[in-house]
2 protein chains.
Amino acid sequence: MTAPELVSKSRCFHGEVHKYMHQSTATQSKMTFNIYLPDAALTGKEKVPVLYYLSGLTCNEDNMITKGGALAHLSKHQIALVTPDTSPRSCGIPGESDDWELGTGAGFYVDATQEKWSRHYNMYTYVHQELQDLVKEHFAVDALRTSVFGHSMGGHGALMLALRNPGHYRSVSGFAPICHPSTSEWGRKQFTEYLGKDEELWARYDATELVKQYEGERLPILIDQGADDPFYKSKQLQPSHFVIATESSRRNVVLENRVQPGYDHSYWFVQSFMESHIEFHAKHLKQ
Amino acid sequence: MTAPELVSKSRCFHGEVHKYMHQSTATQSKMTFNIYLPDAALTGKEKVPVLYYLSGLTCNEDNMITKGGALAHLSKHQIALVTPDTSPRSCGIPGESDDWELGTGAGFYVDATQEKWSRHYNMYTYVHQELQDLVKEHFAVDALRTSVFGHSMGGHGALMLALRNPGHYRSVSGFAPICHPSTSEWGRKQFTEYLGKDEELWARYDATELVKQYEGERLPILIDQGADDPFYKSKQLQPSHFVIATESSRRNVVLENRVQPGYDHSYWFVQSFMESHIEFHAKHLKQ
């Protein structure tokens with residue numbers, strides 16, 4: 001595996017934020033990501049746990065790490081953070097950037113099966129496998145202590161990754177995650193485009209469907225949802241479907257689901273609850 | 001005074017962030033600013049202290065409030081934050097947006113005397129007077145408890161405002177402030193353009209010159225400077241000039257000046273020390 005190319009680095013909260021670019025096999029394109037490394041990992045003195053954060057529609061690798069207010073808390077707990085991009089870019093696919101809900105900035109963390117997208121849009125393999133292999137090889141992180149979280153489309157990605165891969169992630173959390181994409185417009189639209197019409201295949205990328213079947217190791221889950229989020233009101237997110245599926249399945253998941261009065265869908269909401277999400281992951285990553 | 005027009009609002013950290021637009025008398029243009037109000041101020045239950053933050057070159061009213069990580073700490077201390085823009089915009093002045101160091105995004109917090117700029121570029125009066133009058137009239141802030149801070153060009157603005165107006169600001173702080181603008185390229189270039197060649201007039205906007213003459217009330221000052229900041233290395237910022245002027249003047253200022261190894265000029269640096277700046281101001285605003 002070729003080493004990723006350093007684009008920039010800055011000191012921040014007793015550690016460093018690095019931006020890298022690399023040629024991805026999974027997406028057959030250049031991909032960028034940021035990584036925050038606390039000093040212990042920079043000096044190579046010890047391997048630190050690692051948190052992956054998946055962003056939402058229209059976002060890239062920068063939104064959360066610049067606006068999420070996470071680094072103070074990661075520094076305190078000596079945890080690394082990796083923020084990948086939300087899709088490949090500039091692949092030359094006709095119309096790839098014409099619709100903010102599809103293509104560029106909207107990879108939805110699936111491996112596309114439809115010819116138009118399948119060469120490049122393999123964000124599931126990219127985020128779950130290729131990127132994590134690369135991070136493990138090049139940085140002082142302890143891959144056995146990995147957790148994942150995300151916002152909106154990225155919250156869907158985080159829940160789905162954790163439920164499909166029991167034992168791989170210690171904990172998972174979401175800020176306003178899309179919880180039942182097979183039944184909401186955000187989800188049906190993209191699954192149809194990337195995966196075609198086979199709804200059995202969709203179910204493999206749907207947190208609410210996956211949790212019904214979950215038989216893996218004990219998985220702690222935290223969800224925060226703003227009560228004044230317009231996408232919550234228009235039923236794009238549907239955390240209640242996920243809550244019901246979790247309760248009825250009686251599987252080995254421990255869900256804390258919170259609705260926060262007055263908060264919307266923005267990073268003003270995300271940053272307000274960042275500390276408690278990082279405390280949650282820290283507890284499980286340090287066990 | 002006409003009420004400012006609400007552009008957007010979001011709940012954040014047990015309070016709200018509002019963006020407003022208003023027609024400014026000082027700059028004869030539309031101006032925008034953000035304000036964070038903790039719940040106590042929103043319900044009108046009590047008037048809270050207020051912090052003004054002045055941004056640097058190329059920035060606008062959004063940079064710090066989205067990337068500075070300040071709101072968690074302001075919420076804890078129940079302090080309001082106001083973030084003005086860094087200049088008027090779209091005034092129709094020839095070439096106003098051609099140079100990132102002049103005009104748009106580069107108001108330098110002076111009242112311009114030169115004909116090309118003097119109608120609109122009156123950021124000193126705008127920030128120190130008009131905006132503060134407007135905030136006092138329309139929001140539940142206690143204007144007797146006001147402090148100011150800023151970054152780079154905004155750090156210059158903050159120091160200069162506090163030193164020119166003894167007793168008005170309880171405390172002042174800067175992240176990598178331009179400390180001696182009459183002797184650095186950042187400063188000489190803009191002062192020449194906005195104020196002409198009269199260096200006696202420049203001295204009224206220069207923190208190092210002002211502190212030599214300071215005879216006002218006791219003024220606590222905090223400065224953080226990243227040791228790997230390229231603008232520090234190229235002598236655009238010159239905190240040492242300010243330190244020496246403060247020591248030799250033996251005036252009524254209490255300066256804490258810190259150089260932070262490894263940090264650069266970016267918001268990665270600013271956010272790393274935000275908590276300690278807000279703790280500093282909180283101490284003086286609550287006395």
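The values are calculated or read from the model by the stated rules, or taken from the named source; none is laboratory data. Since the structure is predicted, the reported quantities are computational estimates derived from the model, not experimental observations. When we count neighbours, we look across all protein chains shown, and the Cβ atoms used for this are built from the backbone with ideal geometry, even at glycine.
Scanning region B:165-183 for residues that are under 14 Å from B:PHE108 (Cβ atoms) and in a helix (DSSP H, G or I) yields B:PRO181, B:SER182. Residues in region B:110-138 that are surrounded by fewer than 24 Cβ atoms within 10 Å (Cβ to Cβ) and touching a Gly at 6+ places or on another chain (Cβ under 7 Å): B:THR113, B:GLN114. Pull up region A:215-250, narrow it to residues that are in contact with a Lys or Arg (Cβ under 8 Å, 6 or more places away or on another chain) and in a loop (DSSP other than H, G, I, E, B), then point me to the one that is modelled with the highest pLDDT. Of everything passing the filter in region A:215-250, A:ASP228 is modelled with the highest pLDDT.
Candidates are the residues of region B:21-71 that are part of a helix (DSSP H, G or I) and within 25 Å of B:SER266 (Cα to Cα); the one that is nearest to the chain's Cα centre (by Cα) is B:MET64. Taking region B:1-20 as the range and being part of a strand (DSSP E or B) and surrounded by 13 or more Cβ atoms within 10 Å (Cβ to Cβ) as the test, the residues that pass are B:LYS9, B:SER10, B:ARG11, B:GLY15, B:GLU16, B:VAL17, B:HIS18, B:LYS19, B:TYR20.
Looking at A:LEU210, A:LEU255, can you tell me which residue is touching a helix residue (DSSP H, G or I) at 6+ places or on another chain (Cβ under 9 Å), away from chain B (no Cβ under 13 Å), over 26 Å from B:SER10 (Cβ atoms) and part of a helix (DSSP H, G or I)? Spell out the reasoning first.
On the way: A:LEU255 fails: part of a helix (DSSP H, G or I).
Selected residue: A:LEU210, the only one of A:LEU210, A:LEU255 that is touching a helix residue (DSSP H, G or I) at 6+ places or on another chain (Cβ under 9 Å), away from chain B (no Cβ under 13 Å), over 26 Å from B:SER10 (Cβ atoms) and part of a helix (DSSP H, G or I).
A:GLN238 fulfils the conditions (1) within 14 Å of chain B (Cβ to nearest Cβ); (2) touching a Cys at 6+ places or on another chain (Cβ under 6 Å) except for a single criterion, (1). When the residues of region B:81-93 are filtered to those that are over 14 Å from B:SER29 (Cβ atoms) and among the aliphatic types (A, V, I, L, M), the one that is surrounded by the most Cβ atoms within 10 Å (Cβ to Cβ) is B:VAL82.
Among residues of region A:116-145 that are touching a residue at least 12 places away in the same chain (Cβ under 8 Å), those with a Cβ under 8 angstrom from a residue that is acidic (Asp, Glu) and assigned to a loop (DSSP other than H, G, I, E, B), sequence gap 6+ or separate chain, pair up as A:ALA140/A:GLU46.
Looking at region A:74-114, which of the residues that are within 16 Å of A:VAL127 (Cβ to Cβ) and acidic (Asp, Glu) is farthest from the chain's Cα centre (by Cα)?
Among residues in region A:74-114 that are within 16 Å of A:VAL127 (Cβ to Cβ) and acidic (Asp, Glu), the one farthest from the chain's Cα centre (by Cα) is A:ASP111.
In the set A:PHE175, A:PHE191, A:PHE149, which member is crowded, with 21+ Cβ neighbours inside 10 Å, in contact (Cβ under 8 Å) with a residue 60 or more places away in the chain and in contact with an Asp or Glu (Cβ under 6 Å, 6 or more places away or on another chain)? Reasoning before the result, please.
Details: A:PHE191 fails: in contact with an Asp or Glu (Cβ under 6 Å, 6 or more places away or on another chain); A:PHE149 fails: in contact with an Asp or Glu (Cβ under 6 Å, 6 or more places away or on another chain).
Result: A:PHE175 is the single residue among A:PHE175, A:PHE191, A:PHE149 that is crowded, with 21+ Cβ neighbours inside 10 Å, in contact (Cβ under 8 Å) with a residue 60 or more places away in the chain and in contact with an Asp or Glu (Cβ under 6 Å, 6 or more places away or on another chain).
If you go through region B:272-287 one residue at a time, how many are within 10 Å of another protein chain (Cβ to nearest Cβ), closer than 16 Å to B:SER75 by Cβ and not hydrophobic (A, V, I, L, M, F, W, C)? Spell out the reasoning first.
Let us first name the residues in region B:272-287 that are within 10 Å of another protein chain (Cβ to nearest Cβ), namely B:272-275.
Restricting the remaining residues to those that are closer than 16 Å to B:SER75 by Cβ gives B:274-275.
Retained after the next criterion (residues that are not hydrophobic (A, V, I, L, M, F, W, C)): B:275.
Summing the residues that are within 10 Å of another protein chain (Cβ to nearest Cβ), closer than 16 Å to B:SER75 by Cβ and not hydrophobic (A, V, I, L, M, F, W, C) in region B:272-287 gives 1.
Inspection of region A:132-142 finds a residue satisfying the criterion of being in contact with a strand residue (DSSP E or B) (Cβ under 7 Å, 6 or more places away or on another chain), at pLDDT 95 or above and among the acidic types (Asp, Glu).
Return the pair list, or none, for Cβ contacts closer than 6 Å from residues in region B:6-29 that are more than 9 Å from every other protein chain (Cβ to nearest Cβ) to residues that are of a type in the set (Val, Ile, Thr), at least 6 apart or on different chains. Pairs that qualify, where the first residue is more than 9 Å from every other protein chain (Cβ to nearest Cβ) and the partner is of a type in the set (Val, Ile, Thr), are B:HIS18/B:ILE35; B:LYS19/B:VAL7; B:MET21/B:VAL7; B:MET21/B:THR32; B:ALA26/B:THR125. Residues that are within 14 Å of chain B (Cβ to nearest Cβ), buried (at least 16 other Cβ atoms within 10 Å of the Cβ) and either at negative phi or touching a helix residue (DSSP H, G or I) at 6+ places or on another chain (Cβ under 7 Å) (or both) occur at least once in region A:214-225. If you scan region B:194-213, which residues turn out to be among the basic types (Lys, Arg) and either touching a residue at least 24 places away in the same chain (Cβ under 8 Å) or closer than 12 Å to B:PHE108 by Cα (or both)? Passing the criteria: B:ARG204, B:LYS212.
For region B:41-80, give me the residue count where each residue is more than 14 Å from chain A (Cβ to nearest Cβ) and either buried (at least 21 other Cβ atoms within 10 Å of the Cβ) or modelled with pLDDT under 95 (or both). Please lay out each step first, then the result.
Of the residues in region B:41-80, the ones more than 14 Å from chain A (Cβ to nearest Cβ) are B:41, B:44-58, B:60-61, B:77-80.
So of that shortlist, the ones also either buried (at least 21 other Cβ atoms within 10 Å of the Cβ) or modelled with pLDDT under 95 (or both) come out as B:41, B:44-46, B:48-57, B:61, B:79-80.
Number of matching residues: 17.
Taking the criterion of being surrounded by 14 or more Cβ atoms within 10 Å (Cβ to Cβ) and over 27 Å from A:ARG145 (Cα atoms), the residues of region A:246-268 that qualify are A:VAL259, A:GLN260, A:GLY262, A:TYR263, A:ASP264, A:HIS265, A:SER266, A:TRP268.
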